[in-house]
Structures are given as structure tokens and as C-alpha cells.
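The structure appears below as C-alpha cells.
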Amino acid sequence: MRLLVVTFAIAGFLGESCVAAALTQAAGNEAARAAMQQGSEAMTAGNFDAAIAAYTHVTQSLPDFAEGYFNLGLALQQAGKLDESRTALEHALRLKPGLRGANLFLGVVLYRQNHFKDAETYLLRETHIDPRGAKAYMWLGVCRLAEDDPQGAIAPLDKAFALDPSDVDVLYHRGRAYFLVANSSYDAMFKLDRDSMRVHQVLAEANAQAYRTQEAISEFELAIKMAPRQPGLHEELADQYWIAGQMDKVADTYREELRIDPHAVSAMYKVGSFLVWTGDPTQGIVFLRSVLREDASFADAHYYLGDGLAETDHDQEAIHEFELAIKADPSSDRAMSAYYKLSQEYRKLHRLPEAQAALASFQQLKAQRKVRQEQKSAQIVRKRTELPVDDPEKASMSAEK
């Protein structure tokens, strides 16, 4: 299936280096030198016809200058003149086979002309010329997606991601490749047995991700009936009970997970946190201490352990746990909540300067959080270790009441 892709800006790709090379070679040809500069300015302004005219003049003045044909090919591509762009880029490569970027853009042109295998050939050459360039790997993956080969697309897209993890085009195509591979696997699973435990599990997980909580609960319950000892199912069901507000079922369902797998640390963490949150801090403390013995990386357990200790009047221990929660990630939302709870503990012990300092840190992190929320889109996927109810601002407001 042919995919639409976001064409990345090519006006700046190698622009300065090509202009510099052109100016060096055209030192004795002022007309070519001026045309190269005009072409660069026209490309930046999006005036591709003017860029084509300028670069055509360069190639006529300097017929052995590969970079002139390369830039002409880029301008023609942007103007939608793909056949002419292909001719110019091929000529550039005949003059200089190792010209960085030429194989990449020729591959892009061939992709747009639906010549996917030919495009792959040039894109692979580009990866050898410039092994640190993420775009060639990305377009190689895009070609394979267009050839209905998502499994083959994953390796180059993973490589592109490793080279440039902040490129949104790379992220999109890599995510799509994994999505298609996952769908293929699920399709095969459905064909084998539409009523298997795994089918109900994947339906439940899909419903959970789509926030269709009741449907997720129904599917998890069916999966558990079919495989009551399957690790992980009770924990995921308990998550959904918590989200749905079915509080009477949450703790027992997490405990059932722990009966199946006594070392399920995330379930241990969740039930401990839930018990602290719902008014049974003594039992919650027991679970949370076990979590930290099993896996010290569960830094959020320090926060809920501190909360439980504070509720049972173990104030000095609570302060220590809140400090550990902050130390684990000083700029996180969890640290923000911990600073607020820390300020309450210090106030309770009449340590007013420390209480004021902790409250100031809370307010600073709260302001930073507001800025972040305004700048980023809403989170779509919850982490497995993230509690269903977990809003530090709400927690602080609740505590104030």
C-alpha cells in the first residue's frame, strides 16, 4: 500500500555545502557564481521555477560540476517535475558517484514514481555513503511499507530512530510499521481461534487503550474465566476496576495477581498505593516496603510509602521517603506532589522554614508543569506502572481540604 509521507525540507539539505563548493569551482565564472546564489535564495523562498532557471544556468556554465546538477534535481523535484529531476540527479551521480545526498533524493524521486525496488537500490547506496544520515534509512523503510513489507521496514526505521529519535516523520513511519506487524499477528491469532483467551486479552487491552473501560472489563473477565492462572490478567483487570470506580474489587483483584505471581512487583506497588490512597495505610505500608525490597527502581513507591507513614504518624520516616521520591527525579510530577506532602510534614513538626522552602519548590514545579501541558499534546498511552488515579495537582487540592 502506498503511503503518503511528509516531504522534508530539502532547500536547506546540503544547501550551504553545495553553495560553498559551487562558489569555489566558479571562482572564475562570476555569472555561474551569481546564479548559484540566486538558486539558493529562490529555493529558500519556495520559488522553484526561479531556482530551476538559476541552476540550469549553472549547469550550462559548468557542465562538469556535479553539485549544480544535484541542486537542479532538488529544485525540479520540488516543482513536481519528477522525470527531469531524475535525469538531473542521475547526471550528478555520473559526475560524482559519492556525492552525499544525491542517491537519497534520487531514491525519493523513484519512490514518488512508484519504482520502489529501484528506489531501495539508491537509498541503500546513500546509507553506505552517509551511515549517520537518518533520512535514507527512513525512506528505505517507507519504500518497504509501500511494498506491503512492514516486517522488512522495521529494521531501517529502527536505525533511523536511533540516529534521530526526535524526527516526527521517522516516529510516524516506525510506529506504523510496528502497528501493521502487530495487526498481522493479531489477524493470524483471530483466524486460529476467535474465542481464545489471547483474543479476549488483546480485545481487552485495545478497549483499555481506547478508554472503553466497561468493554475492557468484560473482555478481561472472559479471559480470566478461560485462563484463571494466567499471569498479568488480574493486574490489568484491577487497573480497569480502579478506573471505573469499582473500588470494592480493586484490592482483592491485585491480591489475586500476587497469589498467581508473588513477585509481580507492579501489582504489589499498585495494591500498596491503592490501600494507602483508600484509607488502609498500615496494610499499604507492608506492600510498599516489599516493593522496594524486590525492586528499588520503583521510585514512586517512596512517595506512597511516605504518604502511608505520614497517615500513621511516623513523620520522620515519612519525610525521609518523600525526600527519596524527590531525589529519584527532582523535576517530575511525583516530585511536585512529594514537595507538597513534605511541606505538610515539616509544618506538622513546626519546622516552618523547611515547610516554606518545600512549598516554594512545589509551586515552582507546578508552574513548570502548566507550561509543559500547554506545549505538548495529551498523553495517549499509559505506562504499565502508572497508577489509574495519579494526578499530583488533584492530590494536593484534596489534601488542602
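The values are calculated or read from the model by the stated rules, or taken from the named source; none is laboratory data. Only a predicted model underlies this, so the values are computations on that prediction, with no experimental measurement involved. For neighbour counting, all protein chains shown are included, and Cβ atoms are generated from backbone atoms with ideal geometry for every residue, glycine included. Protein only, heavy atoms only, side chains kept; ligands, DNA and RNA dropped before computing areas. Shrake-Rupley method; radii C 1.70, N 1.55, O 1.52, S 1.80 Å.
Here are some notes:
- Each of THR312, MET247, LEU62 was scored by the projection of its Cα onto the charge dipole of the chain, and the greatest displacement toward the positive side belongs to LEU62; charges sit on the C-beta of Lys, Arg, Asp and Glu.
- Phi angles across region 79-92 convert, under the Karplus curve 6.51 cos²θ - 1.76 cosθ + 1.60 with θ = phi - 60°, into 3J(HN,Hα) values of 7, x, 8, 5, 4, 5, 4, 4, 4, 5, 5, 5, 5, 4 Hz, Gly and Pro given as x.
- Length-normalised contact order for the chain - Cα pairs under 8 Å, 6+ apart - percent: 7 percent
- Summed residue charge, Cβ within 13 Å of ARG212's Cβ, Lys/Arg positive, Asp/Glu negative: -3
- Based on protein heavy atoms only, the chain ends up with 50 Å² per residue of surface accessible to a 1.4 Å probe.
- The Cβ shell under 10 Å around VAL250 holds other residues with a net charge of 0, Lys and Arg each +1, Asp and Glu each -1.
- Estimated [θ] at 222 nm from DSSP helical runs (n ≥ 4, -39500 (n - 2.57)) normalised by residues in the chain, nearest 500: -24000 deg cm²/dmol
- Dimensionless Rg ratio for the chain, taking C-alpha atoms and the 2.2 N^0.38 Å reference: 1.38
- Note, ³J(HN,Hα) from phi for region 199-206, Karplus 6.51, -1.76, 1.60, rounded to Hz, x at Gly and Pro: 4, 5, 5, 5, 5, 4, 5, 5
- Cα-derived Rg over Rh, computed across region 216-272 with Rh taken as Kirkwood radius: 0.93
- Centre-to-centre separation between the Cα atoms of region 91-154 and those of region 44-77: 21 Å.
- Size of electric dipole in region 75-145: Cβ of Lys, Arg +1 and of Asp, Glu -1, about Cα centre, debye, nearest 20: 140 debye
- For the chain, a crude dipole built from +1 on the beta carbon of Lys and Arg and -1 on the beta carbon of Asp and Glu, taken about the Cα centre, is about 600 debye to the nearest 20.
- Percent accessible area from carbon and sulfur atoms, region 203-286, protein chains only, probe 1.4 Å: 54 percent
- Of all accessible heavy-atom area on region 82-134, the percent that carbon and sulfur account for (1.4 Å): 49 percent
- Leading residue at positive end of dipole, the chain (Cβ point charges), from SER273, HIS200, GLN78: GLN78
- When you count the other C-beta atoms within 10 angstrom of each residue and take the mean per peptide, 34-41, 278-285 line up highest first as 34-41, 278-285.
- Rounded to the nearest 20 debye, the dipole size of region 234-322 about its Cα centre is 140 debye, using +1 on the Cβ of Lys and Arg and -1 on the Cβ of Asp and Glu.
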